[in-house]
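The values are calculated or read from the model by the stated rules, or taken from the named source; none is laboratory data. Worth saying up front: this structure is predicted, and the values here are computed from it rather than measured. In this analysis, Cβ positions are derived from the backbone assuming ideal geometry, glycine residues included, and neighbour counts consider all displayed protein chains.
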Amino acid sequence: MNNYISNQSQQFEGKVIIVTGSTQGSGAETAKLFAARGAKAITICGRQENKGVEIKKEIEDLGSKCLYVKADLSKVEDCKKIVELTDKEFGTVHSLVNVAGYTERGTILSTTLENYEKNFSVNARAPFILIQEVVKIMIRDKNKGTIANLLSMAMYSGMPFLTAYSGSKAALAIMTKNIANSLNGHQIRVNALNIGWTDTPGEHDIQKRVHKKGNDWLKKEEAKVPFKRLTKTIDVAKGLAFMCSDESGLMTGSVIDFDQTVNGWHSYSAYETKILDDSLLGE
């Protein structure tokens, strides 16, 4: 066997994979990349059925079977339903990729209890439940499975308007390490990709709706950063594919920073924060 030749088109051959948050953005890109790299079957999920049907067809056109599950990850029963239906349809699970995220803004002053609970239910509780249910199947079938969680550089502190979001991602980071340690004996690997500012449809919406920026916000912001572009969804997909493939070897319990800044540093001034605080509080 030649250890130096890698055929990525067959990287996930025979594998059944669940990707959450997969009807748009990084989740959709990840699901399609896994299909392009030979996955046998992929379960995608999200709240918008029209987008789910569209992505399902794209995945099937790439050669993988695909199941779309309409689900709201803030609901416990929907999290369990995703895994249950995947097992019923495809008979097992080899990999779980937790991409879904909730990023509604809020500072310590403006964050409502509803906002706080939604951040933690989608960003921390949902991955916990999904992992718990998937691991039962992996152990049952003696699969040496992989789990990849998508984090954010905000977990180190985060900008002032990401209070609940930052806390929820930090919680998932610690769970990644704890669960990896718990599952070592089953040779199930658990890792996380800690990404920086990413160009996604959801981010476009928030920049316009919350930050009141124009249609050219991306061009302006990309001109300010070191590599002159934000992280793209294909960058995220490739990082998650690495974690779920044999390319990452026996790596487990790792949280890998994937950004062009260091430890979540951001030059958001106190003045800018005050303006946003007033805006979010309606003052």
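General observations
- Pairs with Cβ under 7 Å, 6+ apart, first in the range 139-165 and under 25 Å from Tyr116 (Cα atoms), second of a type in the set (Lys, Arg): Leu151/Lys169; Ser152/Lys169; Ala154/Lys169; Met155/Lys169; Phe161/Arg105; Leu162/Arg105
- When Leu240 is tested against (1) modelled with pLDDT under 95; (2) part of a helix (DSSP H, G or I), just one condition goes unmet, and that condition is (1).
- Checklist (1) aliphatic (A, V, I, L, M); (2) out of contact with any Lys or Arg (no Cβ under 6 Å at 6 or more places or on another chain); (3) farther than 27 Å from Lys118 by Cα applied to Ala39, failing item: (2)
- Given (1) over 28 Å from Arg37 (Cβ atoms); (2) modelled with pLDDT under 95, number of the condition Asn115 does not satisfy: (2)
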